[in-house]
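The values are calculated or read from the model by the stated rules, or taken from the named source; none is laboratory data. It should be emphasised that the depicted structure is a prediction, and the values quoted were computed from it without experimental measurement. Cβ placement follows ideal geometry from the backbone for every residue including glycine, while neighbour counts extend to all protein chains displayed.
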Amino acid sequence: MPKDKTATNAKIIQYMREEFLMYGYEKASLNRVSAKVGITTAGLYKHFKSKEDMFCFLVKDVLEDFRNMTDRNVEQMETDISYNPFADDWATIWVDFIFKHYEGIKLLICCSEGSPYESFEEELIEHEAKEDKRYYEILKASGKKVKEISDEQWHMLATAYTHLVFEIVRHDMNKKEAMKHMKFVSELLYPGWKEIYGIG
């Protein structure tokens with residue numbers, strides 16, 4: 001993590017973000033970053049201990065907010081049997097979240113190969129599939145008329161939804177385009193999910 005908050009440190013953060021977004025983690029050059037900042041490459045290590053440390057710093061806030069959002073949603077599903085996730089406007093929730101953290105999400109989804117976060121999307125898919133199935137089991141135990149599907153199908157659903165959400169950053173959509181896209185995703189997938197969960 002950065003060791004100071006000087007003007008030089010601010011410039012390093014700005015240029016290393018641009019570098020990762022332009023070239024991705026693997027091809028990012030500390031030489032280019034240091035040249036833009038006007039210091040030696042060795043001088044970068046007075047602020048960050050490694051390229052990995054730089055990347056982690058840039059995505060830490062979005063990762064924390066991801067955890068907070070998913071934890072709140074899981075808590076509602078597990079403690080409130082009347083909770084209907086489809087009553088929430090997830091199209092708007094996702095678009096607002098992505099545009100609050102646009103560059104951080106872009107780094108995780110499009111620029112993280114070779115970094116400790118290169119499996120971020122797949123890990124998110126696994127988490128989504130696990131929690132979706134757990135919610136299904138809760139509804140089934142409560143007497144809901146649910147539709148049985150396989151673990152492979154849970155994974156396919158989670159993959160489709162997660163991948164479609166992040167198409168926003170893959171295709172550099174603006175907010176208006178992102179809202180239209182997410183409304184389409186909701187219309188495409190929600191009817192099937194409601195049938196699986198037995199929610200009218």
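Given the criteria crowded, with 18+ Cβ neighbours inside 10 Å and in a helix (DSSP H, G or I), does I125 qualify? Answer is yes for this residue. Among the residues of the stretch 68-95, those that are more than 14 Å from W193 (Cβ to Cβ) and surrounded by fewer than 12 Cβ atoms within 10 Å (Cβ to Cβ) comprise N68, D71, R72, E75, T79, D80, S82.
The set of residues in the stretch 108-131 that are more than 10 Å from the chain's Cα centre (by Cα) and in contact (Cβ under 8 Å) with a residue 40 or more places away in the chain comprises C110, C111, S112, E113, G114, S115, P116, Y117, E118, H127, E131. Scanning the stretch 146-160 for residues that are assigned to a helix (DSSP H, G or I) and in contact with a helix residue (DSSP H, G or I) (Cβ under 6 Å, 6 or more places away or on another chain) yields W154, H155, A158, T159. Looking across A141, A91, A178, one residue alone is in the same structural domain as L63 (by TED's automatic domain parsing), free of Cβ contacts under 8 Å to residues at least 12 places away in the same chain and of a type in the set (A, V, I, L, M, F, W, C). It is A141. Filtered by the rule that a residue be closer than 16 Å to H101 by Cβ and in a helix (DSSP H, G or I), the stretch 168-181 gives I168, V169, R170, K175, A178. Taking the numbered list (1) more than 24 Å from R72 (Cα to Cα); (2) outside any helix (DSSP H, G or I) in turn, I199 passes all entries but (1).
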